[in-house]
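The values are calculated or read from the model by the stated rules, or taken from the named source; none is laboratory data. Just so it is clear, the model here is predicted, and its values are computed rather than measured. All Cβ positions, glycine included, derive from the backbone under ideal geometry; neighbour counts span all protein chains shown. Ligands, DNA and RNA are stripped out before the accessible areas are found, and what is left, the full protein with its side chains, is counted by its heavy atoms. Shrake-Rupley method; radii C 1.70, N 1.55, O 1.52, S 1.80 Å.
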Amino acid sequence: FRRSQAVVRPQNNNISDAVNTDQEEENNHQWDRPIEFVLSLISNSVGLGNVWRFPYLAAQSGGGAFLIPYFTLYFLIGAPLYYLELALGQFTSRGPASAFVLAKGWQGVGFAMIINSILGTLYYNVIIAWALFYFVLSFRKRLLWADCGYWWNTLGCFVPGSPKQTSGVNITALNCTTALSSNFTDSGCQENNSTSEKQVTATEEFFYRLLLNKSSSFDDFGVPGTYMSVLLLASWLLICVCIIRGVQSSGKVAYFTAIFPYIVLLVLIIFTATLDGAREGILFYVVPRWKLIGSFKIWQAAASQVFFSLSISFGSLIAYSAASDFHNKFFQQMCIVVSCDCFTGVFAGFAVFATIGFLAKSLNESVETYATASGPGLAFITYPAALAKMPASPFFSIIFFLMLLALGLGSQFASTDVPVTALMEFFPSYAKRRSLLVVITCSVFYLASLPFACPGGIYLFELFQEYTANISLVFIGFFEVISIAYIYGFNRFMNDVEMMLGKRAAQYYLFVTWCITAPILTL
């Protein structure tokens, strides 16, 4: 019935015990309904990479110039490799640790995926911790990042769109809280001179000075801060609770994590389009700068975003599809998920760049200057700035950061499941004690992620982002497609697909991409 079991199932002297163990493990780690599998794939792929990382890379890569290589590589690399990982996991019914045993001598591809997934999981949960901080502090009548005048603000702090006074050639801004801003003479507002103090938006100072307590350099690393340490602990506890029963528990959560974000994004896009300067920001986003399209860095950034966004080369797709029924129609599911993922990032980009246009105009800067100067915290500066301008801003802030949590957790469930699945494959005796493995894994990951809670943690975060979720994904993708298309054999693998689906779905497209375009472009 399942040819793969003869390939990947370890030999055991007691055959009946091995069969019983495998059947129990499969029943305990299988999707209840196909819809839960699809929604989990959507929440895994459509994550913070779309709402946070895509706009940041687009801003760094010339806006519209980034979209052309992004769509090109999505079609020639992203979709085919997504298909490959789903097919491989479903056919072998194994996670990345042992799925590549099909190609003799190439199991290292699976191990590389696990290592990359562990490193990516550590830094990805930091973003969830950030979102959790904003979510908790949204339960206020007035958002803390909407004003200046707090203890973490500097004299250069200002609120975009607030009244400014000019005196001669120097621009002076008022630092004050909104509660007192109606009476400038009695409020104790202090003037700051922009020629001596660089102007910084209230949302930037909230993010860098209060939440991160960012140090001046990597050398000044410091010790873990209280806020971030507690937030990381809460994040890992949340993940532990949600995945402790495997796909049977995470599949239920996916109903919320997959659908809710689209509603919030739509509301945010409609509102940000009305902000002053939004038009300039959106034009920067959609109009390509043709001279930049030939830049190798932009194509490299687009490739890494395609892999990161689709969760290719992390092993999570293989681990998820391993829990599917052998005859599950994954081809149609793949088309749905890839389409959702591709356009969600573009969709979210409109909200980000409309807000960038608004902030750039408030600072009297060009959109390009502001966008390219922004760091990885871009979404945690632009989104809160837009939310602070909305009517009933606390309500919309709660909804938005709940959406970010939903997006982040959906992807993190799958990433954390990869090392847990690998441990169950390496140590079969612990297969029935999945809950214990989950608790141990989350505890170790929490301790390992504490350096991100230090004042210099943001510099470490940028290093992890550059090296664990960038070129390493493309590197693994190259060996992944070589091992299956050439070492195991394209025709042999398509025969396996036919065994599952009853047809060799999209075989001509896959032949061109797996055997020609994907190896060449990734290389």
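Is the range 423-438 home to any residue that is open to solvent by less than 10 Å² (accessible area, probe 1.4 Å), under 30 Å from Asp147 (Cα atoms) and in contact (Cβ under 8 Å) with a residue 24 or more places away in the chain? No, the range 423-438 has no match at all. Step by step: first the residues of the range 207-249, then only those that are open to solvent by 10 Å² or more (accessible area, probe 1.4 Å) and among the hydroxyl-bearing types (Ser, Thr, Tyr), then the one that is modelled with the highest pLDDT. Which residue is that? Residue satisfying both the conditions and the ranking: Ser229. Given the condition at negative phi, small (Gly, Ala, Ser), modelled with pLDDT of 85 or more and over 14 Å from the mean Cα position of the chain (by Cα), answer yes or no: does some residue in the range 390-400 qualify? Yes, that holds for at least one residue.
For Glu462, are the conditions met, namely being open to solvent by 10 Å² or more (accessible area, probe 1.4 Å) and part of a helix (DSSP H, G or I)? Against the criterion (open to solvent by 10 Å² or more (accessible area, probe 1.4 Å) and part of a helix (DSSP H, G or I)), Glu462 qualifies. Here Ala97 meets the list (1) crowded, with 23+ Cβ neighbours inside 10 Å; (2) hydrophobic (A, V, I, L, M, F, W, C); (3) out of contact with any Cys (no Cβ under 9 Å at 6 or more places or on another chain); (4) under 30 Å from Ala385 (Cα atoms) almost entirely, failing just condition (4). Ser449 meets the conditions (1) open to solvent by 40 Å² or more (accessible area, probe 1.4 Å); (2) closer than 30 Å to Val230 by Cα in every case but one. The failed one is (1). Scanning the range 89-98 for residues that are closer than 19 Å to Leu310 by Cα and either at pLDDT 95 or above or of a type in the set (Gly, Ala, Ser) (or both) yields Gly89, Gly95. Looking at this structure, is Phe350 surrounded by fewer than 24 Cβ atoms within 10 Å (Cβ to Cβ) and at pLDDT 85 or above? It is true that Phe350 is surrounded by fewer than 24 Cβ atoms within 10 Å (Cβ to Cβ) and at pLDDT 85 or above. Consider the range 417-455 and keep the residues that are at pLDDT 90 or above and among the hydroxyl-bearing types (Ser, Thr, Tyr). The one that is nearest to Ser215 (Cα to Cα) is Ser449. The set of residues from the range 393-410 being open to solvent by 10 Å² or more (accessible area, probe 1.4 Å) and among the hydroxyl-bearing types (Ser, Thr, Tyr) comprises just one member, Ser393.
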